[in-house]
Ligand SMILES: [Zn+2]
Ligand SMILES: [Zn+2]
């Protein structure tokens, strides 16, 4: 059983359902909580204004379903300095920030484009150099240290990092490492590093359709099989 799913998308960005559709799906799945985490503001169609509209929908859906809903954003890490695509003065009104790297967001600068983004377009074809992995790791760790992030999403997906080092930084800052139901493959070969860190985890669906909300059992089972103690997965509440 799981308390909540803290990474879901709606029509406000690239999801298919409304906030209410997701909340109803969460209720059907027996969840008590859910976060709506549409994309950050460096993706062309997104804006802070849209976030405020989504936030109002969250309040309405919450009162209609009884599911506690966090109005969140999945921010993009857009530079080697670890900047995210949310303005400083917009951070505080956002209830729930998760952050990750998305190769189709806009980098902060041309230097960031070449050093950080370029290789990610050729995933699997061009292997990032050790130097690039170290650079990426510093960027992600710096984002962890700079912003009030609840969880780091799909770590090691596209942007290759030293997972052990990032997990250590997460543990120190109390940021959760996400086990993303859609991107489990990116943890292949690094489950041991995750298990050996002191980080805590959250297992999320990254749902882009309402019927995907709360579908995290398989990812949870895989994580446990790979040596992650279920007690470290914060949204798992026992059988
Ligand atoms: Zn994402
Ligand atoms: Zn997402």
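The values are calculated or read from the model by the stated rules, or taken from the named source; none is laboratory data. The model shown is predicted, which means the values in this text are computed figures rather than measured ones. All Cβ positions, glycine included, derive from the backbone under ideal geometry; neighbour counts span all protein chains shown.
Things to note:
- Taken over the range 42-53, the criterion of being more than 11 Å from residue 95 (Cβ to Cβ) and either touching a strand residue (DSSP E or B) at 6+ places or on another chain (Cβ under 6 Å) or in a helix (DSSP H, G or I) (or both) is satisfied by 42, 46, 48, 49, 50, 52, 53.
- If the condition is being without any contact (Cβ under 8 Å) to a residue 40 or more places away in the chain and within 16 Å of ligand 1 (Cβ to nearest atom), then the range 167-187 contributes 175, 177, 181, 182, 183, 184, 185, 186, 187.
- Residue check for residue 26: modelled with pLDDT of 95 or more, in contact with a strand residue (DSSP E or B) (Cβ under 9 Å, 6 or more places away or on another chain) and within 16 Å of ligand 1 (Cβ to nearest atom): no
- Residues in the range 65-119 that are in a helix (DSSP H, G or I) and within 30 Å of residue 214 (Cβ to Cβ): 65, 90, 91.
- Taken over the range 19-41, the criterion of being touching a helix residue (DSSP H, G or I) at 6+ places or on another chain (Cβ under 7 Å) and not in a helix (DSSP H, G or I) is satisfied by 34, 36, 38, 41.
- Filter pass, residue 70 being within 25 Å of residue 176 (Cα to Cα), surrounded by fewer than 21 Cβ atoms within 10 Å (Cβ to Cβ), at pLDDT 95 or above and within 16 Å of ligand 2 (Cβ to nearest atom): yes
- Residues that are touching a strand residue (DSSP E or B) at 6+ places or on another chain (Cβ under 7 Å), over 12 Å from residue 207 (Cα atoms) and assigned to a loop (DSSP other than H, G, I, E, B) were ranked within the range 1-12; the one that is modelled with the highest pLDDT is 3.
- Among residues that are more than 16 Å from ligand 2 (Cβ to nearest atom) and surrounded by 16 or more Cβ atoms within 10 Å (Cβ to Cβ), residue 35 is not included.
- Contacts under 7 angstrom Cβ, first residue in the range 102-122 being closer than 16 Å to residue 161 by Cα and in contact (Cβ under 8 Å) with a residue 12 or more places away in the chain, partner more than 16 Å from ligand 2 (Cβ to nearest atom) and outside any helix (DSSP H, G or I), 6 or more apart: 112/79; 112/80; 115/80; 116/80; 116/107; 117/107; 119/126; 119/128
- Every condition in (1) assigned to a helix (DSSP H, G or I); (2) more than 16 Å from ligand 2 (Cβ to nearest atom); (3) touching a residue at least 40 places away in the same chain (Cβ under 8 Å) is met by residue 56 except one, and the failing one is (3).
- Qualifying residue in the range 151-159 (condition: away from ligand 2 (no atom under 16 Å from the Cβ) and free of Cβ contacts under 8 Å to residues at least 40 places away in the same chain): no
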